[in-house]
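These notes concern the structure reproduced below.
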Amino acid sequence: MKKCCVIADFLSERNIKQISESASEYGFEVAFFDSAGSANGKVSDAEIIYSGGDASVLSQMPHLKWCHCAFAGVGPYTESGRFGPGKARLTNS
C-alpha cells in the first residue's frame, strides 16, 4: 500500500477518520503526526505529505510526489529544491 503522511496538530477525530477513509479508497495508508519532530525518521516511504508548517522532513522523503501546505507561505518548501518541472508538485491552501 502507498504511504501518505499528515503533519498537523489541528485535526479532529472526525477529520482523521475522513482523511483515512478517503485515502484508503485510492490505495493509501495515512500516518498522522502532530509535529515534524514526531514525524522525524518515519516518513521515508511516503509519496504524499500534507503539512501545517515545518518543511524539515522533506529531506527524508526520497519518494515524494506531492506536498500540500495548509497555509499560504510556502517559502520554506520552495527553498528545499524538491519542487518544479520533473520534480514533486507543491500546492497550498
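Counting only pairs 8 or more places apart or on different chains, how many lysine pairs in the chain have C-alpha atoms closer than 15 Å?
5
For residue 42 paired with residue 60, estimate the spin-label separation in nm (one decimal), with each label point 7 Å from Cα along the Cα-to-Cβ line.
Once both label points are built, they end up 0.9 nm from each other.
Can you check what the net charge comes to around residue 21, using other residues whose Cβ is under 13 Å from the Cβ of residue 21 (Lys, Arg +1; Asp, Glu -1)?
Computed value for this residue: -1.
Please report the net charge: other residues with Cβ closer than 12 Å to the Cβ of residue 76, K and R +1, D and E -1.
Here the count lands on -1.
Which parts of the stretch 17-46 would a label at residue 2 reach, counting a residue when its backbone N lies under 19 Å from a point 7 Å out along Cα-to-Cβ?
18-32, 43-46
For the chain, what does the accessible surface come to per residue with a 1.4 Å probe? Please give it in Å².
59 Å²
Would you mind calculating the gained length between residue 12 and residue 34 on full extension (0.36 nm times residue separation, minus the Cα-Cα distance), in nm to one decimal?
6.8 nm
Roughly what angle does helix 13-25 make with the longest principal axis of the chain, taking Cα atoms, 0 to 90 degrees, to the nearest 10?
80 degrees
Among [x] 1.01; [y] 1.32; [z] 1.73, only one was calculated for this model; which label is it, if the read-out is Cα Rg over 2.2 N^0.38 Å?
Derived directly from the coordinates: [x].
The values are calculated or read from the model by the stated rules, or taken from the named source; none is laboratory data. Keep in mind it's a predicted model, so treat the numbers as computed, not measured. Positions of Cβ are generated from backbone atoms using ideal geometry, with glycine treated the same way; all protein chains shown enter the neighbour counts. We work out accessible area using only protein heavy atoms, side chains counted, and drop any ligands, DNA or RNA first. Shrake-Rupley method; radii C 1.70, N 1.55, O 1.52, S 1.80 Å.
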